[in-house]
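For reference, the structure discussed in these notes is given below.
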Amino acid sequence: MSAAEEQAVYARLAEIFRDVFGRADITLHPGLTAGDVVGWDSFRHVEIVLALEDHYAIRISTRELERVFTLGDLVALVLGKTASP
Amino acid sequence: MIAGSASTLRLRGMADGVRLPRIVSGWVDTARLPVSSIPVRIEILRNGVVIGSGPVDRDRPDISADPARPAGFQLTCSDELDDSDLALARIAVIARGVDGATGELPLYGRVRAEALDRLLARLGRPIGETEAHLRSALAAGDPLDATMAGELEAIAASAGAIAPDRSMREVMMAFESLGQDCALGSAQRHFGAEPLGLLRFSGIGLDAVRTALADRLRGVGDPAFTRMEPDDRGEFFTRDIRYHMQAHTFLFAANEERAPLFARQCRKLQYLARNLLDVLHEGSKIMVIHGLPDDLPDAGLRALLAVLRGYGDCPLLYVRAARPGLEAGEVVRGEGLFIGHVLVEDDARRPSSHEIFESWGRMCRRVHTLVHGALPVGVP
């Protein structure tokens, strides 16, 4: 995967975070965790995942999410599902 | 255990935030308390000595939306706390109502787990290391930092204690609730495990869940079959009108616009239903049903097991109250299922929330071993 692809996922996530949390001041970085963002609970987590599923036409399972601890993990998961064969 | 109160009411809540070295925050479920218990105060003790106290006076809209019943607290301790205080559970957080009602608030499992990780990292030892490894390291004369050796010895000596480590979190993540109520979900939270699950924080009876699963959860999350109403403290609950499945949203009417929230909640239910079906087909989780405090009927359990077998081979754990000859934490094999035993509030010993959760942890470890063989690294 290229750095540009990774950047594109972060850019998309920035839009999703604005929609989900109603805030534009959250700085996204690979180490960001749910504990760092007020209101990032399981409900919002599912909303973020559903937005990613819709945008990238992918499926993300709850089992896969159990191995996601940081935003970087989530980005890697998305990139793994969207990578060209 | 807390003793000596005029009221028999037990206060519930959690200390879910610690900012070292002095700040402890959390919540008390004031929404359902009688007015006679409010205001509630908090005491923080280390080794039995009070090092902080103050009122429950902060907004926690996720717990109570009523400004007359604030649910949150944030206290500054007079003494500094460190990671070993958290990892070894040396601090106790006590809530006291004005009428004498009391309760010990457990420390959020993730706070303890992260403190242990930091403690181990300072020693240059692997994350996930637990009491058994520490015990053997100490027995082998492994040179440890002199000041930390005592702390680690205390972990090793805490007989029966479950190490608050990532591995215990992994054990608890392996279980999936089939409803009834939030008992499993709360025990998972105690150990820092927060899996997403359709029925984790749902109320649904044995017959209804069997019917829903037999129907392949068809239509769960369909707006036509879903209702969303606030309860008497303002939290929205969703309800499936066919299966009488009620679920927390942890969102409050005072803070949310109803129509868009309903649409989002329906999508969430659809997503979680889809994933529960996948879990059942894959057999990737240990499904849990409980009869607490009263046992479930054998016929109902057999019928549920038959429906589950229509999906695949997922193990089923039936949880019931400990009883003479079957102590809390013990597991026996039944016909096609495991039967585990835990402490319950009604027990004559009046166990604390911490003791109840720990009994869930011991039971889940045993079932995990029976299903998967060796436990994850670090679990004794």
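The residues in the range B:319-358 that are aromatic (F, W, Y) and under 17 Å from the mean Cα position of the chain (by Cα) can be counted, and the count is 1. Scanning the range B:258-280 for residues that are farther than 16 Å from B:V220 by Cβ and touching a residue at least 24 places away in the same chain (Cβ under 8 Å) returns B:R258, B:L261. A count restricted to the range B:172-195 and to residues that are within 25 Å of B:V111 (Cβ to Cβ) and more than 13 Å from the chain's Cα centre (by Cα) stands at 1.
Find the strands (runs of 3 or more DSSP E) located wholly in the range B:162-274 whose residues include 1 or more that are at positive phi, and list them.
On the way: elements: B:175-177, B:226-230, B:235-240, B:245-252.
Answer list for the range B:162-274: B:245-252.
Within the range A:32-45, the presence of a residue that is part of a helix (DSSP H, G or I), at pLDDT 95 or above and within 14 Å of another protein chain (Cβ to nearest Cβ) is excluded.
In the range B:287-380, which strands (runs of 3 or more DSSP E) lie fully inside it and hold 1 or more residues that are buried (at least 18 other Cβ atoms within 10 Å of the Cβ) and basic (K, R)?
Details: elements: B:316-321, B:331-333, B:338-342.
The qualifying strands (runs of 3 or more DSSP E) are B:316-321.
Here are B:R210, B:R264, B:R200: which of them is over 22 Å from B:V367 (Cβ atoms) and of a type outside the set (G, A, S)? Spell out the reasoning first.
Details: B:R210 fails: over 22 Å from B:V367 (Cβ atoms); B:R200 fails: over 22 Å from B:V367 (Cβ atoms).
Sole residue among the options that is over 22 Å from B:V367 (Cβ atoms) and of a type outside the set (G, A, S): B:R264.
What do you reckon, is A:I48 closer than 18 Å to A:E6 by Cβ and facing chain B (nearest Cβ under 10 Å)?
On the way: closer than 18 Å to A:E6 by Cβ: yes; facing chain B (nearest Cβ under 10 Å): no.
In short, no.
Scan the range B:212-267 for residues that are among the polar types (S, T, N, Q), more than 14 Å from chain A (Cβ to nearest Cβ) and under 26 Å from the mean Cα position of the chain (by Cα) and jot them down. Break it down stepwise before answering.
The first filter runs over the range B:212-267 and keeps only residues among the polar types (S, T, N, Q), leaving B:226, B:238, B:246, B:249, B:255, B:265.
Narrowing further to those that are more than 14 Å from chain A (Cβ to nearest Cβ): B:226, B:246.
If the condition is that a residue be among the polar types (S, T, N, Q), more than 14 Å from chain A (Cβ to nearest Cβ) and under 26 Å from the mean Cα position of the chain (by Cα), then B:Q246 is the only one that fits.
Taking (1) in a loop (DSSP other than H, G, I, E, B); (2) of a type in the set (A, V, I, L, M); (3) out of contact with any helix residue (DSSP H, G or I) (no Cβ under 7 Å at 6 or more places or on another chain) in turn, B:L277 satisfies each apart from (1).
Against the test of being in a helix (DSSP H, G or I), within 14 Å of chain B (Cβ to nearest Cβ) and of a type in the set (A, V, I, L, M, F, W, C), the options A:I16, A:I60 yield a single qualifying residue, A:I16. Is the range B:221-244 home to any residue that is in contact with a strand residue (DSSP E or B) (Cβ under 9 Å, 6 or more places away or on another chain), of a type in the set (G, A, S) and either over 23 Å from A:I48 (Cβ atoms) or at pLDDT 95 or above (or both)? Among the residues of the range B:221-244, at least one is in contact with a strand residue (DSSP E or B) (Cβ under 9 Å, 6 or more places away or on another chain), of a type in the set (G, A, S) and either over 23 Å from A:I48 (Cβ atoms) or at pLDDT 95 or above (or both), which makes the answer yes.
Residue-by-condition table, conditions (1) of a type in the set (F, W, Y); (2) in contact with a strand residue (DSSP E or B) (Cβ under 8 Å, 6 or more places away or on another chain); (3) over 21 Å from B:R233 (Cα atoms):
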| site | (1), (2), (3) |
| --- | --- |
| B:G13 | no, yes, no |
| B:G17 | no, yes, yes |
| B:V28 | no, yes, no |
| B:D57 | no, yes, no |
| B:R60 | no, yes, no |
| B:R69 | no, no, no |
| B:F73 | yes, yes, no |
| B:L86 | no, yes, yes |
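Scanning the range B:82-101 for residues that are under 20 Å from the mean Cα position of the chain (by Cα), buried (at least 19 other Cβ atoms within 10 Å of the Cβ) and at pLDDT 85 or above returns B:I91, B:A92, B:V93, B:A95.
The values are calculated or read from the model by the stated rules, or taken from the named source; none is laboratory data. Note that this is a predicted model, so its numbers are computed, not measured. Methodologically, a virtual Cβ is constructed for each residue, glycine included, from the backbone with ideal geometry; neighbour enumeration extends over all protein chains shown.
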